[in-house]
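Everything on this sheet refers to the single structure shown next.
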Amino acid sequence: MLNESDIIDNQELPVKVKTERLLIWSSWLQRQVTVDILQTKKGKHLISKGLLIINDGQDLKELELALSLKKLAATGTIAVPLVIAVHAGIRKVEYGVAGIPDYMGRGAGASHYERFIIDELLPHIYAVTNTPPNPRYTAIAGCSLGGLSALDIATSNPAHFGIAGVLSGSLWWRSKGYNHGYTESDRILFNKIKTLQIPSYFKCWLMAGTNDETCDRNGNGVIDAVDDTLDMYDLLRSKMKNAGLNLQLQIVNGGTHHQSTWKKSYVDFIKFAFTLPYNPLQKKSGISNQILKKLRIQ
């Protein structure tokens with residue numbers, strides 16, 4: 001387990017974030033994958049601890065992640081993770097739920113993307129960075145379709161991932177169109193997670209913005225992005241043994257489906273996932289049943 005000694009205490013040492021680009025040939029995806037590695041240093045000391053893989057790594061600049069890591073490291077309270085930013089291919093092909101395309105056939109390559117992450121990317125990163133595998137401190141996160149992919153990969157591969165970050169996740173991913181008999185039971189990832197065993201150490205961060213979209217398929221006055229996120233929160237809470245501490249929900253008032261919102265939520269997610277020691281007061285930052293009820297009836 002990580003300890004406070006993993007943080008360099010001298011606050012006067014300069015913090016730098018080094019970015020290194022790798023090009024990895026994937027036999028699963030049959031393409032070259034661009035990967036950016038962000039390593040955080042304080043003085044000459046590499047202080048990156050734990051591992052965070054993010055989907056849509058091509059958005060690093062807009063997410064201002066390097067700057068956020070630098071600021072978090074300077075606080076001396078965060079075990080800033082080694083960040084692996086995976087640039088996307090064709091998102092509507094490679095992102096989705098592995099093995100289960102949606103009703104339009106989107107996500108048909110999601111199982112290959114999952115195998116790339118597990119069979120090719122992780123072993124390569126462990127080898128070139130000398131990072132020991134540990135699912136408790138290995139996270140995967142993403143926004144929109146990347147968030148759907150991240151949650152699917154994390155929950156389906158608990159031997160590799162113990163933390164998931166889902167920012168404005170496309171949790172609506174469905175097996176039927178709205179005009180073809182759709183019901184809420186047709187949401188693909190919900191049905192898959194219902195069949196899975198969630199380990200006690202699993203941690204998950206769910207986020208949605210109140211301005212993520214305007215669609216309200218059930219006419220309850222709550223946009224679909226928020227409704228789906230609340231429903232996933234309820235499902236995971238029923239599956240997770242330590243949901244009170246390990247499951248967090250963030251509804252961003254005025255938050256939009258854009259990097260300008262997500263860059264702030266990424267900071268909150270990293271604090272949740274990698275703060276040392278893990279703050280026992282985190283439970284108080286979870287959303288209450290009263291707030292959940294209020295969101296649902298607005």
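Rule-based calculations on the coordinates, nothing more; no lab input. All values reported here derive from a predicted model rather than from experimental measurement. Cβ atoms come from the backbone with ideal geometry, glycine included; neighbour counts cover every protein chain shown.
Could you work out how far apart the two model spin labels at residue 58 and residue 159 are, taking each label as a point 7 Å from the Cα in the direction of the beta carbon, and quote it in nm?
Here the modelled spin labels are 3.3 nm apart.
Compute the long axis of helix 65-75 from its Cα atoms, compare it with the longest principal axis of the Cα atoms of the chain, and write down the angle in degrees, 0 to 90, nearest 10.
60
Run through all the Cα pairs of the chain and give the fraction in each 10 Å bin from 0, expressed as whole percent.
That works out to 6, 29, 37, 21, 6, 1, 0, in percent per bin.
Using the 2.2 N^0.38 Å rule of thumb for compact globular proteins, work out how the range 23-139 stacks up: its C-alpha Rg over that value, please.
Normalised Rg, Cα atoms only: 1.15.
Can you pull a Stokes-Einstein diffusion coefficient for the range 198-264 at 25 °C (0.890 mPa s), Rh from Kirkwood over Cα pairs, as a whole number of µm²/s? Display every interim value, and only then the final one.
Working: Rh = 12.8 Å.
Approximately 192 µm²/s, per Stokes-Einstein.
Based on the mean of other beta carbon atoms within 10 Å per residue, what is the order of 61-72, 212-223, 25-36, most packed first? Don't skip to the end; give the middle numbers.
On the way: 61-72: 18.3, 212-223: 13.5, 25-36: 15.7.
Order by mean packing, descending: 61-72, 25-36, 212-223.
Is it possible to state the helix-based mean residue ellipticity at 222 nm for the chain, with each DSSP H run of 4+ residues giving -39500 (n - 2.57), the sum divided by total residues, to the nearest 500 deg cm²/dmol? What is it? Provide the component values of the computation, followed by the final result.
Details: 11 runs with 97 residues, N = 298.
The helix-only estimate for the chain comes to -9000 deg cm²/dmol at 222 nm.
Counting DSSP beta bridges in the range 122-264, what percent are antiparallel, to the nearest 5?
5
Along the principal axes of its C-alpha atoms, what lengths does the range 12-64 span, in descending order and rounded to whole Å?
46, 22, 17
Could the peptides 261-274, 96-109 be put in order, highest first, of the mean number of other beta-carbon atoms found within 10 Å of their residues?
Listed from highest to lowest mean packing, they are 261-274, 96-109.
What share of all Cα pairs of the range 89-232, in percent, falls into each consecutive 5 Å distance bin?
Cα pair-distance distribution for the range 89-232, in percent: 2, 10, 18, 22, 21, 13, 7, 4, 2, 1, 0.
Please state the Cα pair-distance histogram of the range 117-165 with 5 angstrom bins from zero: what percent is in each bin?
Reading upward from the zero bin: 5, 22, 29, 25, 14, 4, 0.
Using the crude model of +1 on Lys and Arg Cβ and -1 on Asp and Glu Cβ, and no other charge, please compute the dipole size for the chain relative to its Cα centre, in debye to 20.
480
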